[in-house]
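Below is one structure; the comments refer to it alone.
The values are calculated or read from the model by the stated rules, or taken from the named source; none is laboratory data. The structure displayed is predicted, hence computed values, not measured ones. FYI the Cβ positions are ideal-geometry reconstructions off the backbone, even for glycines, and counts take in every protein chain you see. The area values use the complete protein model at the heavy-atom level, side chains included, leaving out ligands, DNA and RNA. Shrake-Rupley method; radii C 1.70, N 1.55, O 1.52, S 1.80 Å.
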Amino acid sequence: METKKNPGLDLEKRRGFFFNFSLMLSVAMVLLAFEWKQARGSENHLTIVDIPGWDEIPIDIPITIQDPPPPKIIAPIITPIEDDVLVDKLPEVIFQPEVEDLPEPTILEGPPVIEIAEEVVDFSDVMPEPVGGMSEWNDYLSKNLKYPSTARRMGIEGTVYVSFVVEKSGEISNVQLLRGIGGGCDEEAIRVIEDAPIWKPGYQRGRPVKVRMRVPIRFKLQ
């Protein structure tokens with residue numbers, strides 16, 4: 001026999017109401033717990049002291065007066081002078097510089113001498129040349145130039161270009177290699193130029209100058 005329930009006592013229909021009511025009640029209890037803890041803590045740490053007549057006690061604050069700092073620039077004191085006061089006339093003083101006995105200037109006769117700076121030029125009015133001419137120079141090279149054994153064995157031949165400076169005295173200095181062929185030919189060409197005899201110096205405006213020269217030295221196998 002099935003059990004019959006009274007429809008008016010069925011709580012399944014009110015299930016949502018009881019759930020919402022219990023949820024609201026739990027939230028209210030949580031909020032109440034937080035508020036009660038905060039109020040209790042404030043009572044432990046906050047103390048209010050009531051002193052009778054506190055508002056009626058006057059408080060005197062002393063007034064401090066500070067002197068201003070002295071000025072950095074002190075204005076000069078100007079004393080006025082009357083216009084009627086006569087001032088004695090000062091004597092006239094003439095300053096005359098002392099003149100020492102200087103030697104009389106010497107007057108040079110002839111055109112002015114133009115100093116040429118100590119520099120090396122590539123061209124001059126009169127170019128340097130070997131003593132005895134180019135024929136003597138070629139004879140010197142053919143007699144003193146030795147073909148290196150390394151270049152002879154390797155079959156190296158060609159032209160070596162060397163530059164040097166002819167000093168005012170005609171001596172040769174600052175020998176440099178411009179282009180070489182290797183095999184010992186470059187060193188031999190520099191040696192021959194360094195051991196060369198004195199040249200005739202170059203002249204610029206009638207005065208000797210340093211001139212840079214460039215010469216080719218040819219190495220050819222027989």
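Give me the number: length gained by fully extending Arg179 to Arg214, i.e. 0.36 nm times residue separation minus the C-alpha to C-alpha distance, one decimal in nm.
Values: separation 35, 0.36 × 35 = 12.60 nm, distance 1.10 nm.
This chain segment gains 11.5 nm when fully extended.
The amide H of Val160, built 1.01 Å from its N in the peptide plane, has Ile217, Arg218, Phe219 as neighbours under 5 Å, considering only residues 5 or more places off or on other chains. Give me the percent of accessible area attributable to carbon and sulfur for the stretch 149-222, probe 1.4 angstrom. Its accessible area is 46 percent carbon and sulfur atoms.
If the chain linking Ile78 and Arg191 were pulled fully straight, counting 0.36 nm for each residue of separation and taking away their Cα-Cα distance, it would gain 31.6 nm. Inter-label distance, Ser142 to Ala33: 12.7 nm, where each label sits 7 Å from its Cα along the C-beta direction.
Amide H to amide H distances under 5 Å link Glu129 with Lys200, where only residues 5 or more positions off or on other chains count and H is placed in the peptide plane.
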